[in-house]
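Undergrad: This is the structure, below, for whatever I ask next.
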């Protein structure tokens, strides 16, 4: 999509929001007719479709810019990164050629790390080790696309190895008090604790025909981008789901396991006042930079809510790159969150930067082989990422649970 296409989609979205609100105003205080309900559902679907189109266009533009920058940066450092002995892969080659070398069996594996651009020879069984920044960044981008934690501002920790990480936390703060002249001052020490972030392995396999690899795609189709996006999206979906709703037992602890802030009066609905109460279950310092997370079906219900003054609590983003807002804070949809039903945790609000840490250990390990599908002449590419996550500051996040 071109920038003008994205702007056109944004303009169409603003028009759809206006139509949605006009219908909501007309039907306020009464039940919608069957025809009105159908219209309302269609308008919501139009907004969602335009959202997806806008986000895809923005991410494509951003991805193209990052890829170009990474390739140029890599080439500018070729004199520095080339080892004394001849490298197993020519650093002047494009990423596409390097990836095809993996597919063709010239090398058998590589690990992509965000901060490294060295080309080094690997073990005999692996066939070599290649490190580039481009593939790693494409996979990290998928974590933002496939889940909410990073988009909402969660802190991303990138560590070289996967040992348990102990993160210090403050569970109690020093307090002050009025002291009379000559009176003694009581000691008040802050209380400290720690949270552990362990890592777990997430993997996916993408298959492509040898002809596609040899021909480097068909027409404008780029096989490198396709395989990287497919593999990156697969592991990102799995790890992002754990960052949202992981149990914390032999898997990451999801952010929706935060403390309950509000229990809704209904098992099937949410009110504007309950969202206001949830927002104020977080103390003021944490509300600076806070965000909302909820399932798309929950957001559809929230779009109709008005406060006691008749003002909509949900507001569409006024610029293409800005997220929608709910009670003044950005709102993100997460397919991994629960839908409205009895006892379900449907909304999370708070400061994700201070409250939740995501972790990726090492780089993105990529290996290829034609052995699993030898008879069908397919090349299998395996993507492996080790990641974890945990709630670090229990005061920063709260969830709403249905009755």
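Undergrad: Output the number of residues of segment 359-379 satisfying the condition of being more than 30 Å from residue 255 (Cβ to Cβ) and assigned to a strand (DSSP E or B). If you could, list the steps in order and put the result at the bottom.
TA: Going through segment 359-379, the residues more than 30 Å from residue 255 (Cβ to Cβ) turn out to be 367-379.
Those left that are additionally assigned to a strand (DSSP E or B): 367-369, 378-379.
Count: 5.
Undergrad: Shifting gears a bit: Return a yes/no flag: does segment 62-85 have any residue that is part of a helix (DSSP H, G or I) and at pLDDT 80 or above.
TA: Let us first name the residues in segment 62-85 that are part of a helix (DSSP H, G or I), namely 62-76, 78-81.
Those still in the list that are at pLDDT 80 or above too: none.
Within segment 62-85, none of the residues are part of a helix (DSSP H, G or I) and at pLDDT 80 or above.
Undergrad: Output the qualifying pairs, or none if there are none: Cβ atoms under 7 angstrom, residues six or more apart or on different chains, first residue in segment 180-204 and within 26 Å of residue 361 (Cα to Cα), second residue loosely packed, with under 12 Cβ neighbours inside 10 Å and at pLDDT 85 or above.
TA: Note: pairs meeting the criteria are 194/166; 196/164; 196/166; 198/164.
Undergrad: Against the definition (crowded, with 22+ Cβ neighbours inside 10 Å, touching a residue at least 40 places away in the same chain (Cβ under 8 Å), closer than 23 Å to residue 270 by Cβ and touching a helix residue (DSSP H, G or I) at 6+ places or on another chain (Cβ under 6 Å)), how does residue 397 come out, yes or no?
TA: Working: crowded, with 22+ Cβ neighbours inside 10 Å: yes; touching a residue at least 40 places away in the same chain (Cβ under 8 Å): yes; closer than 23 Å to residue 270 by Cβ: yes; touching a helix residue (DSSP H, G or I) at 6+ places or on another chain (Cβ under 6 Å): yes.
When the stated conditions are applied, residue 397 passes them.
Undergrad: Within the bounds of segment 306-324, is there any residue that is at positive phi and either touching a strand residue (DSSP E or B) at 6+ places or on another chain (Cβ under 7 Å) or in a loop (DSSP other than H, G, I, E, B) (or both)?
TA: yes
Undergrad: In segment 255-288, which residues are in contact with a strand residue (DSSP E or B) (Cβ under 7 Å, 6 or more places away or on another chain), under 14 Å from residue 397 (Cβ atoms) and not in a helix (DSSP H, G or I)?
TA: Correct list: 258, 259, 260, 261, 262, 281, 282.
Undergrad: Go through the residues of segment 290-313 one by one and say whether even a single one is closer than 24 Å to residue 197 by Cβ, crowded, with 20+ Cβ neighbours inside 10 Å, touching a helix residue (DSSP H, G or I) at 6+ places or on another chain (Cβ under 7 Å) and in contact (Cβ under 8 Å) with a residue 12 or more places away in the chain.
TA: Within segment 290-313, one or more residues are closer than 24 Å to residue 197 by Cβ, crowded, with 20+ Cβ neighbours inside 10 Å, touching a helix residue (DSSP H, G or I) at 6+ places or on another chain (Cβ under 7 Å) and in contact (Cβ under 8 Å) with a residue 12 or more places away in the chain.
Undergrad: Which members of segment 174-183 meet the condition of being modelled with pLDDT under 80 and surrounded by 10 or more Cβ atoms within 10 Å (Cβ to Cβ)?
TA: 174
Undergrad: Sticking with this one: Within the bounds of segment 354-374, is there any residue that is out of contact with any strand residue (DSSP E or B) (no Cβ under 9 Å at 6 or more places or on another chain) and touching a residue at least 40 places away in the same chain (Cβ under 8 Å)? Write out each step before concluding.
TA: From segment 354-374, those out of contact with any strand residue (DSSP E or B) (no Cβ under 9 Å at 6 or more places or on another chain) are 374; that's our starting set.
Those left that are additionally touching a residue at least 40 places away in the same chain (Cβ under 8 Å): none.
No, there is no match, as no residue in segment 354-374 is out of contact with any strand residue (DSSP E or B) (no Cβ under 9 Å at 6 or more places or on another chain) and touching a residue at least 40 places away in the same chain (Cβ under 8 Å).
Undergrad: While we're here: List pairs: first in segment 224-238 and touching a residue at least 60 places away in the same chain (Cβ under 8 Å) and on the phi > 0 side of the Ramachandran plot, second crowded, with 24+ Cβ neighbours inside 10 Å and part of a helix (DSSP H, G or I), Cβ under 6 Å, 6+ apart or cross-chain?
TA: none
Undergrad: Take the residues in segment 151-172 that are assigned to a loop (DSSP other than H, G, I, E, B) and either surrounded by 10 or more Cβ atoms within 10 Å (Cβ to Cβ) or in contact with a helix residue (DSSP H, G or I) (Cβ under 7 Å, 6 or more places away or on another chain) (or both); name whichever of them is modelled with the lowest pLDDT. So that I can check it myself, show each step before the final result.
TA: So the first thing to find is which residues in segment 151-172 are assigned to a loop (DSSP other than H, G, I, E, B), and the list is 151-154, 160-164.
Retained after the next criterion (residues that are either surrounded by 10 or more Cβ atoms within 10 Å (Cβ to Cβ) or in contact with a helix residue (DSSP H, G or I) (Cβ under 7 Å, 6 or more places away or on another chain) (or both)): 151-154, 160, 162-163.
Working: 151: 92, 152: 95, 153: 94, 154: 96, 160: 89, 162: 92, 163: 93.
Per the stated criteria, the residue is 160.
Undergrad: Condition first: outside any helix (DSSP H, G or I) and surrounded by 12 or more Cβ atoms within 10 Å (Cβ to Cβ). Now tell me which residues in segment 1-56 satisfy that.
TA: So the first thing to find is which residues in segment 1-56 are outside any helix (DSSP H, G or I), and the list is 1-2, 27-33.
Within segment 1-56, 1, 27, 32 qualify.
Undergrad: May I ask you to list the residues in segment 186-227 that are at pLDDT below 80, under 30 Å from residue 358 (Cβ atoms) and surrounded by 20 or more Cβ atoms within 10 Å (Cβ to Cβ)?
TA: 223, 224
Undergrad: Could you run through segment 330-343 and say how many residues are surrounded by fewer than 19 Cβ atoms within 10 Å (Cβ to Cβ) and either touching a strand residue (DSSP E or B) at 6+ places or on another chain (Cβ under 9 Å) or outside any loop (DSSP other than H, G, I, E, B) (or both)? Walk me through how you get there before you give the answer.
TA: From segment 330-343, those surrounded by fewer than 19 Cβ atoms within 10 Å (Cβ to Cβ) are 330, 335, 339, 341-343; that's our starting set.
In the following step, the residues that additionally are either touching a strand residue (DSSP E or B) at 6+ places or on another chain (Cβ under 9 Å) or outside any loop (DSSP other than H, G, I, E, B) (or both) were identified as 330, 339, 343.
Looking only at that region, the number is 3.
Undergrad: Go through segment 379-392 and give me each residue that's over 18 Å from residue 242 (Cα atoms) and surrounded by 18 or more Cβ atoms within 10 Å (Cβ to Cβ).
TA: Restricting attention to segment 379-392, the residues satisfying the condition of being over 18 Å from residue 242 (Cα atoms) are 379-382.
Matches in segment 379-392: 379, 381.
The values are calculated or read from the model by the stated rules, or taken from the named source; none is laboratory data. All of these numbers come straight from a predicted model, not from anything done at the bench. Positions of Cβ are backbone-derived with ideal geometry, glycine not excepted, and every protein chain shown enters the neighbour counts.
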